[in-house]
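The values are calculated or read from the model by the stated rules, or taken from the named source; none is laboratory data. Values in this document were obtained by computation on a predicted structure and should not be read as measured data. With ideal geometry, Cβ positions are generated from the backbone for all residues, glycine too; neighbour counts draw on all protein chains shown. For the accessible areas, the whole protein counts, side chains as well, though only heavy atoms, and no ligand, DNA or RNA atoms are used. Shrake-Rupley method; radii C 1.70, N 1.55, O 1.52, S 1.80 Å.
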Amino acid sequence: MEIKKNEEYIVNIIDYGMEGEGIAKIENFTVFIPNAMKGEKVKILIVKVLSSYAYGKLLEIIEQSPYRIESDCATYQRCGGCSLRHIDYEETLNIKQNMVQNLVSKTLNKNVKVKPTIGMGNPYHYRNKAQFPVGINKQNEKVVGVFAKRTHEIIPMQDCFLQNTMSQEIAFAIQKFIIEKDISVYNEETREGLLRHIVIKVGIRTHEIMCILVVNGNKIPYEQELVEMLVKRYNVKTVVKNINTKNTNVILGEENIVLHGDGYIYDILGDYTFKISPMSFYQVNPVQAEVLYNIAIEMANLSKEDILFDLYCGIGTIGIFASSYVKKVYGVEIVEQAIYDAKENARINQIENIEFIAGDVEKVLTNLIEKKQVYPDVVMVDPPRKGLDNTTINNILAVEPKKVVYISCNPATMVRDMKLLEEKYEVNEIQPVDMFPFTSHVECVAVLSLKELT
Ligand SMILES: C[S@@+](CC[C@H](N)C(=O)[O-])C[C@H]1O[C@@H](n2cnc3c(N)ncnc32)[C@H](O)[C@@H]1O
């Protein structure tokens, strides 16, 4: 049977896709249906047909999943932030576990049983970093909001359950200010207009706030008045103007001008204080970051004799958490500012057995091993979504640390890389952690140990 666009079908949802959408088969042809849930019988409209799969739109639920809930968000259907708000929270944790398990079972040689996802007690307003696009909506009004699903249309923000409430209040106040003062906003098509993004970082435990105004130009009209409003009304600790004149989807440009404060804030994770700059990576869910780091350290079973490599170390958080369990830590990170912060973080926390190196892991690792003859007992990697490069995988296979701890925000690339590491390593444990509740994303920690030679 040929699947046709604009035709209606009644289908059973048999599984979930990587973005939490329902999957149905029509005569063995895969159809992805956003908002449909496993176990449901639904009426769908086919909206797009590609060579090996199609997309359907949910028209009617004929048999409903017991885990379906009414979404609590007014913009859920249009916003691209969450994709699982129609599902009971506990069930979203099962879905994430199964998603990782499917990848593991399909790819790895060893049949590893993925552990149940560790969820949050309170999975609301967990993000400490908000990035609000600024632009013109369809009604030609200036808006600060969120991007609509898979588009760059900005829809006005309402009460978002992922973002920190303070960052939303500040963004609303800036929106009011730019409308009152008639400050221009960026238009992606013409590449004209000033304000592009508002980025707000909050230290959840210190309550320190950084506000970054991303602009296509140099001078913000009424700049001093805007800064004063942010400082007086919201006790913002630092305000930074970030210049981004490029035609790009990357939010931050390279130049930062500090308008108020020192250009950084602090936050506390576990027993440690961390300095956070505009350009450095810091986990967006600090409550779960603490859980993640502690699990990674526990699973690594570190010893006081160990040399630990913390690769893709950001501002040094994992290495600093692990430092008291090992002899020495080497942290490697490509963003210079993050390494500057990492060194400062080691100093603030009085950690002496840690060394941070700025550079590409691919090159620094080779250099550490070949030139400096430093050999790790344990390697922790926490790469960006694209995962590890082949040189790094080959370096790890060549130096044979006894353990590799793989922390990942993308299980697909993590499993792909672990398959290559299986040449010499056995995957022992995989623990998903719900770092991004109500989105389809999941963080994992996996531990691999060097196979005994027989
Ligand atoms: C997922 S973050 C992890 C940061 C840190 N481990 C943490 O928990 O906060 C990945 C980090 O890798 C860095 N990075 C990306 N590509 C890199 C590369 N080729 N070499 C070194 N670091 C890189 C990014 O700048 C980012 O700080």
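When we measure straight from the Cα of residue 38, which lysines land under 19 angstrom away, once same-chain ones fewer than 8 places off are left out?
Of all the lysines, those that pass the test against residue 38 - Cα under 19 Å, at least 8 places apart if same chain - are 25, 57, 96.
At 1.4 Å probe size, what's the solvent-accessible area of residue 125? Round to the nearest 10 Å².
Its heavy atoms expose roughly 60 Å² to the probe.
Computing the accessible area with a 1.4 Å probe over protein heavy atoms, can you report the carbon and sulfur percentage for the chain?
Details: 10060 of 20980 Å².
Using a 1.4 Å probe with all protein chains present, the chain comes out at 48 percent carbon and sulfur.
In the stretch 318-439, if the dipole is taken from +1 on Lys/Arg beta carbons and -1 on Asp/Glu beta carbons about the Cα centre, which of 407, 433, 324 is farthest to the positive end?
Checked the options; the winner is 324.
Going from most exposed to least, what order do 197, 260 have by accessible area with a 1.4 Å probe? Could the numbers behind the result be given before it?
On the way: 197 20, 260 65 Å².
So, going from the largest accessible area down, we get 260, 197.
Where the only charges are on Cβ atoms (+1 Lys, Arg; -1 Asp, Glu), what is the dipole of the chain about its Cα centre, to the nearest 20 debye? Intermediate results must be reported in sequence, preceding the final value.
Working: 51 positive and 59 negative charges, 93 e Å.
The calculation lands at about 440 debye.
What is the Cα centroid distance between the stretch 261-314 and the stretch 126-158, reported in whole angstrom?
Using only Cα atoms to place each centre, the spacing works out to 30 Å.
For the cross-link pairs 129/304; 327/451; 115/372, which exceed 32 Å when the distance is taken from alpha carbon to alpha carbon? Let's see the in-between values first.
On the way: 129/304 35 Å; 327/451 24 Å; 115/372 38 Å.
Beyond 32 Å between Cα atoms: 129/304; 115/372.
Which order do peptides 289-296, 113-120 fall in by mean Cβ count within 10 Å, highest first? Don't jump to the answer; show the numbers that get you there.
Values: 289-296: 20.4, 113-120: 17.0.
Put in order of decreasing packing, that is 289-296, 113-120.
Quick check for you: with a 1.4 Å probe and neighbouring chains kept, what is the accessible area per residue of the chain, in Å²? Show your work: numbers first, answer last.
On the way: 20980 Å² over 454 residues.
For the chain, the solvent-accessible area averages 46 Å² per residue.
Setting aside same-chain residues fewer than 8 positions from residue 343, which aspartates and glutamates have a Cα under 19 Å from its Cα?
262, 267, 271, 310, 333, 352, 355, 360, 382
If you find the alpha carbon centre of the stretch 319-347 and of the stretch 6-48, how far apart are they in angstrom?
Centre-to-centre distance over Cα atoms comes out at 46 Å.
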